[in-house]
1. Only Lys, Arg, Asp and Glu count, each charged at its Cβ (+1, +1, -1, -1), so figure out the dipole size of the chain about its Cα centre, rounded to 20 debye.
2. Where a Cα-Cα gap under 17 Å defines reach, which aspartates and glutamates qualify for Lys64, not counting those fewer than 8 residues away within the same chain?
3. How many angstrom separate the Cα center of segment 28-62 from the Cα center of segment 82-112?
4. I want the antiparallel fraction of DSSP beta bridges within segment 9-115, as a percent rounded to 5.
5. Treating cross-link reach as a plain straight distance, find the lysines whose alpha-carbon is under 25 Å from the alpha-carbon of Lys75, omitting any fewer than eight places away in the same chain.
6. Rounded to a whole number, what is D in µm²/s for segment 61-115 from Stokes-Einstein with the Kirkwood radius over alpha-carbon pairs (37 °C, 0.692 mPa s)?
7. Given points 7 Å out from each Cα along the Cα-Cβ axis, report the Ser30 to Arg45 separation in nanometres with one decimal.
8. Regarding the chain, what are the three Cα extents along the principal axes, ordered largest first, in Å?
Amino acid sequence: QPQLVESGGGLVQAGGSLRVSCAARGIIFSIKDMYWYRQAPGKERELAASITSGGRTDYADSVKGRFTISRDNAKNTVYLQMSSLTPEDTAVYYCSTTQYGVHYWGQGTQVTVSS
C-alpha cells in the first residue's frame, strides 16, 4: 500500500518562497503520476499541480508561473517549489498518487503565508 509523507511546510511572509517535499514508499515511484493538492480553511481540496511519470507538468491557473512541481525518482520524492506566495496560498498541502484506481494521500503539511 502506498505511503506518502509530506514535509517542509511552515510560516512564510507574503512574497516569500517555500519548498514542500513528499517521500513515497510502497509504490514503484518512477511509473506513477504524482499530484499536489491543497485545502484552504473552509474550502474544498483543489489540485494545485501534477507531474506525470514522464515528467510532464500541469498547474492550476491560480499557481501557474509561481509554483514548480518536480520529482527525483532516485529518491522517490516529489517536490513543490512555491514562490511569490500570497495569503491566499495558505492551506494544507497534500501529496497524492493513485494505485488500482484508488487515491492515496499523505497526512498533509501546513503552509501559512502572512501578510
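1. Dipole size: approximately 240 debye.
2. Answer for Lys64, where 17 Å is the Cα cut-off: Glu46, Glu88, Asp89, listed by chain and number.
3. 8
4. 90
5. Lys75 reaches Lys32.
6. The diffusion coefficient I find is 254 µm²/s.
7. Between Ser30 and Arg45, the label points sit 2.9 nm apart.
8. 40, 25, 22
Where a number appears in this text, it was derived from the coordinates with a stated rule and is not lab data. Nothing here was measured: the structure is a model prediction, and the numbers come from that model. Counting neighbours? That spans all protein chains shown, and the Cβs are built from the backbone with ideal geometry, glycine included.
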